[in-house]
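I have placed the structure first, in the form of structure tokens, so that the comments after it can refer back to it.
The values are calculated or read from the model by the stated rules, or taken from the named source; none is laboratory data. Here the structure is a predicted model, which means the values were calculated and not measured. Neighbour counts run over all protein chains shown; Cβ positions are idealised from the backbone, glycine included.
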Amino acid sequence: MQVPFSGNTAPQTSPLTQHAAVRMRQRGISIGAVHAALIYGRHIQAKGVTYCVVGRKEVKHYASLGIDLSDAEGLQVLLASDGAVVTVYRNRDLHAIKVTHRHSRFRSQH
């Protein structure tokens, strides 16, 4: 199977904050895994940031296309509104992410 990015070889797509770089080192997360999450992960708007997450569904889907995301499974990358990577961590439970819904135009007006 093809691995999307390995080790420290990955195209530059989003700047890292100092906090994200420190957390990546502490948690043993490679820049390649972060880029895989940015490119192949599910993007969820919540809590004022964008979560780029690689879950079981993404791993399974891309495996059928010959792309191995197994090392990135459970990875969550948080992006600020300017596209900078704010922090990076592993958490296989996506239920904690509360999706931000836009206000409905049919919302009752009091």
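Some values worked out for this structure:
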quantity	calculated
Subset of region 40-49 that is more than 8 Å from the chain's Cα centre (by Cα) and at pLDDT below 95 - its residue that is nearest to Ser70 (Cα to Cα)	Ile44
Residues of region 36-58 satisfying the condition of being touching a Ser or Thr at 6+ places or on another chain (Cβ under 6 Å) and either acidic (Asp, Glu) or under 16 Å from Arg90 (Cβ atoms) (or both)	Leu38
Pairs where the first residue, in region 59-76, is within 17 Å of Val88 (Cβ to Cβ) and the second is among the acidic types (Asp, Glu), C-beta under 9 Å, 6+ apart	Leu69/Glu58; Ala72/Glu58; Glu73/Glu58; Gly74/Asp93
Residue check for Gly32: in contact with a Gly (Cβ under 7 Å, 6 or more places away or on another chain), crowded, with 16+ Cβ neighbours inside 10 Å and modelled with pLDDT of 90 or more	yes
Extreme residue, modelled with the lowest pLDDT, among residues of region 51-95 that are over 12 Å from Gly41 (Cα atoms), aliphatic (A, V, I, L, M) and under 14 Å from the mean Cα position of the chain (by Cα)	Leu94
